[in-house]
Every structure is written in C-alpha cells, then in structure tokens.
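Report on the structure given below.
The values are calculated or read from the model by the stated rules, or taken from the named source; none is laboratory data. Keep in mind that this is a model prediction, so the values were computed, not measured. In this analysis, Cβ positions are derived from the backbone assuming ideal geometry, glycine residues included, and neighbour counts consider all displayed protein chains. In case anyone asks, the SASA skips ligands and DNA or RNA and just uses the protein heavy atoms, side chains included. Shrake-Rupley method; radii C 1.70, N 1.55, O 1.52, S 1.80 Å.
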Amino acid sequence: IDGVPGGFDHCYVLSPVAGSLQPAAVAKDPVSGRTLTIETSEPGIQFYSGNFLDGVAGANGKVFPQHSGFCLETQPYPDSVNQPNFPTTILQPGEKYSHTTCHRFNW
C-alpha cells in the first residue's frame, strides 16, 4: 500500500450464482503461511485498508498506524437502492433476506 495516499475503500463485483457460495477473496501471510479464504452468496466484497487508523494504541498498548490492517466485507453493491441496473436491496413486507458468507482460516 506504500505510495497509495488514501489507501483503498472499494467494492469489488463478484459473480454470484443465486443461492450458492462463490469464491470472493484469499489473503495469505507469506511469513506464517496463514490463509484466509472467503466465499459468499453476496454480489460484492468491500476491501478497506485501514485508511483512518492513526497510531492510536489498542489492546495491550499495540499501536496501529495507517494501513496497518485491512477488512473484507461481503455485501450488496453500494447505492443499490438508487441504481436500477444493480441487484435490488429493497425488502418488501413479508419477504425474507438471507445470505451466507464463509470465512476459512488455515495455518
């Protein structure tokens, strides 16, 4: 992320198949070999790179500078309610909303 002043806060479009899990992301730590694999039935995944972390101390005094962490959030497309070409996010009375996201950790 060096050289990226604002970092990332982007929604990536996935290729969902209604009602089934699809690959969304893989993150791997080359030092430890730990891997996070995400599958989801959602149409998008938001990647955020800790843009507003500012060096404040967290648990046990650990300091988190800008871009020292990341987040992957499965979700509908942003602004779906106002975009007729996006899958709808409007839930009518009596309808049910359901999605599945699976996080797998290996090390």
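With every protein chain kept in place and ligands, DNA and RNA left out, what is the accessible area per residue of the chain? Probe 1.4 Å, answer in Å². Display every interim value, and only then the final one.
Details: 7650 Å² over 107 residues.
The answer is 72 Å² per residue.
Using every pair of alpha-carbon atoms in the range 1-88, split the distances into 5 Å bins beginning at 0 and state the percent of pairs per bin, rounded to integers.
Taking every Cα pair in the range 1-88, the percentages come to 3, 13, 16, 18, 19, 15, 9, 5, 2, 0.
Using alpha-carbon pairs under 8 Å, 6+ residues apart, how would you state the relative contact order of the chain in percent?
Working: 191 pairs, mean separation 31.1, N = 107.
The normalised contact order for the chain reaches 29 percent.
Kindly provide the trypsin sites (Lys or Arg not before Pro) of the range 39-107 that DSSP labels as loop, not H, G, I, E or B, and whose Cβ sees at most 13 other Cβ atoms within 10 Å. Intermediate results must be reported in sequence, preceding the final value.
Values: sites: Lys62, Lys96, Arg104; in loops: Lys62, Lys96.
Filter output for the range 39-107: Lys62, Lys96.
Identify the chymotrypsin sites (Phe, Trp or Tyr not before Pro) of the range 17-57 meeting these criteria: DSSP loop state and at most 16 other C-beta atoms within 10 Å of the C-beta. Please report the intermediate quantities before stating the final value.
Values: sites: Phe47, Tyr48, Phe52; in loops: Phe52.
In loop regions of the range 17-57 (DSSP not H, G, I, E or B), the sparsely surrounded chymotrypsin sites (Phe, Trp or Tyr not before Pro) are Phe52.
Which whole-Hz couplings ³J(HN,Hα) result when phi for each residue of the range 66-80 is put into the Karplus expression 6.51 cos²θ - 1.76 cosθ + 1.60, θ = phi - 60°, listed in order with x for Gly and Pro?
3, 6, 8, x, 8, 9, 10, 10, 6, 5, x, 5, x, 6, 4
Roll a 1.4 angstrom probe over the protein heavy atoms and tell me the percent of accessible area of the chain that is carbon or sulfur.
Working: 4350 of 7650 Å².
Here carbon and sulfur together make up 57 percent of the probe-accessible area.
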